[in-house]
1. Using only the heavy atoms of the protein chains and a 1.4 Å probe, how would Y517, Y62 rank by accessible area, largest first?
2. Order of 152-164, 368-380 by packing, highest average Cβ count within 10 Å first?
3. Tell me the accessible surface of D284 in square angstrom (1.4 angstrom probe, heavy atoms of protein chains only), to the nearest ten.
4. Treating only the Cβ of Lys, Arg, Asp and Glu as charged (+1, +1, -1, -1), what charge dipole size does the range 212-277 show about its Cα centre? Round to the nearest 20 debye.
5. Taking the Cα centre of the range 175-226 as origin and charging only Cβ (+1 Lys, Arg; -1 Asp, Glu), how large is the dipole, in debye to the nearest 20?
6. Considering only protein heavy atoms, what per residue accessible area in square angstrom results for the range 58-169 with a 1.4 angstrom probe?
7. Given a 1.4 Å probe and heavy atoms of the protein chains only, how would you sort R422, R133, R194, largest accessible area at the top?
8. Ignoring everything but the protein chains, give the 1.4 Å probe accessible area of D316 in square angstrom, nearest 10.
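The values are calculated or read from the model by the stated rules, or taken from the named source; none is laboratory data. Keep in mind the model is a prediction, meaning the values are calculated, not measured. Don't worry about glycine lacking a Cβ; one is built from the backbone with ideal geometry, like all the others, and counts go over all protein chains shown. Remember, those area values only see protein heavy atoms, side chains included, never the ligands or the DNA or RNA. Shrake-Rupley method; radii C 1.70, N 1.55, O 1.52, S 1.80 Å.
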Amino acid sequence: MRPRLDNLPGELLYAIVSHFDQENFKQSLVALSNAIPKSPVPTFLLFEKIHLKHGDQVFQLYRRLRHAPQDAERVREFSFESWTVDADIFVNLMALMPALTSLSMYIGPNFAPEHLEEIFQKPRETLRFLSMRFRPYVQRATYYQFLKGAYFDSTLFALSSWPQPTLPVLSIVQDPLDPAIAPTNFAQPLVFFRLDPLSTLATSPLSDNLKHFRLRVPGRQVARHLHTALHSFPALEFLDLSTSNVGSQDVAGLLGRLRDLQVLVLDGCPIVSQRIDVQLDAGDPFQQWAELGEAMALAGVARASEREKKLRAWTDAYYAQENEQAATTSGKKVRRGRRGLATATISLRAPSPERALQPSRDIPPERIPKRGQKIRVLPPAPALRSLATSFPAPLVPGTYESVREEFERGWAVGIARLQAIRLRHLTSWRNGVSRIVRFAEKGSPEWEEEEEHGEEGLVGLVDVEEESAFMLNVAGDEDGEGGAKTGFACPLLCIAGSKRDGEHVESCGHRMGWDIYKDEI
């Protein structure tokens with residue numbers, strides 16, 4: 001007797017279903033279940049991935065899962081793509097699905113901050129992907145949000161309070177205000193009032209495992225809030241700040257602080273001048289791309305100089321305090337320097353309060369620099385692999401080649417300057433003129449020590465002990481002390497913008513973003 005489909009065991013039916021096309025998976029599974037209703041077709045798979053596109057579907061699903069908790073526990077991936085919904089019912093639906101690994105949601109004007117607070121109040125330990133797309137714009141002028149202070153800053157605080165670092169992919173996107181979507185003749189509601197909560201998120205436990213972060217807040221200066229705090233986003237490798245107000249100095253700050261950052265996407269950001277006509281009149285329309293490439297290659301130099309300045313100020317304050325204590329103990333009064341003859345004795349300006357640096361004495365003794373010792377910080381090498389952005393004018397044949405050549409030329413100049421600085425430090429180290437230190441590696445005891453004490457004295461810095469640490473490892477050997485992790489070839493540059501129909505470079509940051517976030521916004 002030949003086997004029939006309706007006589008197959010559940011294990012074989014499950015294996016057959018697993019080969020269904022994902023785009024038509026649910027329709028195929030329902031059709032199979034209707035064709036052989038008495039067979040053990042694995043219909044529970046219908047609840048593993050749920051994708052809703054209409055607001056009324058939320059109530060229907062809520063009513064179904066409320067009476068079938070075993071099906072609610074099977075939901076792993078949930079996405080909601082509609083700008084109108086009963087937000088209260090949506091919150092109740094979220095409470096029924098405790099085992100989500102992926103959550104993607106549209107947040108329209110029906111949502112209030114309290115709704116998201118309730119959704120994220122308790123940590124979702126199984127969540128690995130979270131995408132929130134905001135469009136709070138309204139059709140008629142209302143100042144309810146402004147008067148009530150209804151902003152979603154509290155959502156960032158709620159995520160920052162999660163104790164376990166389990167979320168590797170996060171997307172927070174505010175759609176730009178489009179006249180085709182909502183009027184622009186009155187002030188539209190804001191998503192975030194203050195950007196300080198981003199600094200809290202950057203140093204929260206959640207950031208310890210966050211590798212891919214897409215943050216788009218149109219026209220707002222978000223970059224400095226992502227890197228100014230110590231050890232911000234220590235695991236971040238992919239960052240998308242498109243539509244935000246990010247300039248070339250912000251890029252240098254990001255690359256100097258976020259040392260593992262490999263892919264940067266900046267569509268619609270003013271990293272170069274947006275006035276192409278001015279650049280054409282100057283006679284060199286692509287020079288700014290060379291300047292950008294050089295600044296990105298030298299981001300580590302700026303970071304090292306900043307740390308050296310902080311170290312010198314700390315050392316001067318530490319030994320000045322020690323001199324005052326010694327003088328107090330001996331009963332002698334510390335004499336101030338001689339006042340110049342031409343120094344004015346009065347001032348029309350209001351006196352500004354001086355904030356003297358108070359060096360901590362709780363750090364380990366080996367982290368205190370010796371008196372009079374000259375210490376230099378070895379500038380780290382760049383780790384960036386890809387820069388994806390948009391050209392501020394329509395692309396014409398030959399534009400990309402010209403931009404890429406200038407960008408690569410600027411990058412090469414920056415790398416040459418970086419190598420020259422490192423070689424000067426090598427000479428000083430060989431001759432015993434300077435003590436050369438480098439930034440501690442993430443996760444090392446010195447790095448953890450910096451978590452406790454901050455940038456006090458030599459905390460967070462490690463002595464360079466081998467000559468190989470001064471050399472730029474163009475081949476990309478990961479084993480050298482202080483060497484590069486990815487080599488120093490110029491990052492892959494794509495200027496095609498975010499739309500898929502542009503002439504994108506193979507394996508560019510835009511393509512990586514599409515693969516990570518499964519959309520093309």
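1. Y62, Y517
2. On the way: 152-164: 18.2, 368-380: 16.5.
In descending order of packing, they fall as 152-164, 368-380.
3. 70
4. 200
5. Dipole of the range 175-226, to the nearest 20 debye: 140 debye.
6. Values: 5330 Å² over 112 residues.
It amounts to 48 Å² per residue over the range 58-169.
7. Numbers: R422 0, R133 45, R194 125 Å².
The ranking, largest first, comes out as R194, R133, R422.
8. Ignoring ligands and nucleic acids, D316 comes out at about 110 Å².
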